Amino acid sequence: MLLWFNAIGCGLMAGLFFAFSTFIMKASGRIAPAAGIAAMNSINEVILRSLFMPLFWSTTVASAVLAVFAVAVWDEAGAKAVLAGGVVYLIGMFVCTLAIEVPLNNQLKSAADSDSALPMWQRYLARWTQWNHVRTVSCTLSCALFIWALVERG
């Protein structure tokens with residue numbers, strides 16, 4: 001059941017990150033910088049109190065548990081795909097979010113009312129989106145690997 005949950009959860013996360021990479025950030029970059037900054041800061045506040053957070057944490061924990069479990073049952077069908085899916089998700093989504101995306105969001109929030117906000121906005125858009133692409137691909141690949149493991153397990 002955990003493998004099914006994570007396959008679906010990683011797919012949902014991939015879809016969310018895909019939306020940001022393909023149109024939300026592009027639309028934010030097309031409006032006035034002050035409005036884009038305000039919108040992104042608002043999104044960053046709202047997302048912390050949304051259903052995104054339980055999904056974010058539960059898929060992260062499930063990926064870690066599944067990766068450990070895969071090592072323990074290495075000779076069973078699908079174990080290699082489960083391990084790969086868990087590691088890709090943990091590094092490409094979780095580590096990337098905590099090490100890069102969250103600090104960028106905090107910098108944007110701190111700079112929102114300062115003179116450095118406007119020049120920072122263009123750098124933020126480029127860097128945040130670049131790393132969000134990494135999260136999108138990682139979540140998509142993890143979803144595919146978890147589905148592959150389910151197929152292998154029959």
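Go through Ala99, Ala70 for me and flag whichever is assigned to a helix (DSSP H, G or I), in contact with an Asp or Glu (Cβ under 9 Å, 6 or more places away or on another chain) and at pLDDT 95 or above.
None of the others qualify; the one that does is Ala70.
Looking only at the stretch 108-130, count every residue that is part of a helix (DSSP H, G or I), more than 23 Å from Trp57 (Cα to Cα) and of a type outside the set (Lys, Arg) and tell me the total.
The number of residues fulfilling the criteria is 12.
Residues in the stretch 33-47 that are at pLDDT below 95 and out of contact with any helix residue (DSSP H, G or I) (no Cβ under 8 Å at 6 or more places or on another chain): how many?
The qualifying residues number 2.
Being touching a residue at least 60 places away in the same chain (Cβ under 8 Å) and of a type in the set (A, V, I, L, M) is the filter; apply it to the stretch 112-129 and report the residue that is surrounded by the fewest Cβ atoms within 10 Å (Cβ to Cβ).
This residue is Leu118.
Does Cys96 satisfy the condition of being in contact (Cβ under 8 Å) with a residue 40 or more places away in the chain, within 17 Å of the chain's Cα centre (by Cα), surrounded by fewer than 20 Cβ atoms within 10 Å (Cβ to Cβ) and within 19 Å of Phe20 (Cα to Cα)?
Considered against the rule, which asks whether it is in contact (Cβ under 8 Å) with a residue 40 or more places away in the chain, within 17 Å of the chain's Cα centre (by Cα), surrounded by fewer than 20 Cβ atoms within 10 Å (Cβ to Cβ) and within 19 Å of Phe20 (Cα to Cα), Cys96 comes out as yes.
Across the stretch 110-134, what is the total count of residues that are more than 16 Å from Met40 (Cα to Cα) and of a type in the set (A, V, I, L, M, F, W, C)?
Residues flagged as more than 16 Å from Met40 (Cα to Cα) and of a type in the set (A, V, I, L, M, F, W, C) within the stretch 110-134 amount to 1.
From (1) more than 14 Å from Leu145 (Cα to Cα); (2) not in a helix (DSSP H, G or I), pick out the condition that doesn't hold for Ala77.
Tallying (1) more than 14 Å from Leu145 (Cα to Cα); (2) not in a helix (DSSP H, G or I), Ala77 fails exactly one: (1).
If only one of Leu104, Leu51 is loosely packed, with under 14 Cβ neighbours inside 10 Å and aliphatic (A, V, I, L, M), which one is it?
Of the residues listed, the single one that is loosely packed, with under 14 Cβ neighbours inside 10 Å and aliphatic (A, V, I, L, M) is Leu51.
Return yes when Ala38 is part of a helix (DSSP H, G or I), touching a residue at least 60 places away in the same chain (Cβ under 8 Å), surrounded by fewer than 16 Cβ atoms within 10 Å (Cβ to Cβ) and small (Gly, Ala, Ser) and no when it is not.
yes
On the given criteria, is Ser58 surrounded by fewer than 12 Cβ atoms within 10 Å (Cβ to Cβ) and either among the acidic types (Asp, Glu) or modelled with pLDDT of 95 or more (or both)?
no
The values are calculated or read from the model by the stated rules, or taken from the named source; none is laboratory data. As the structure is a computational prediction, the values presented were derived from the model and not from experiment. Counting neighbours? That spans all protein chains shown, and the Cβs are built from the backbone with ideal geometry, glycine included.
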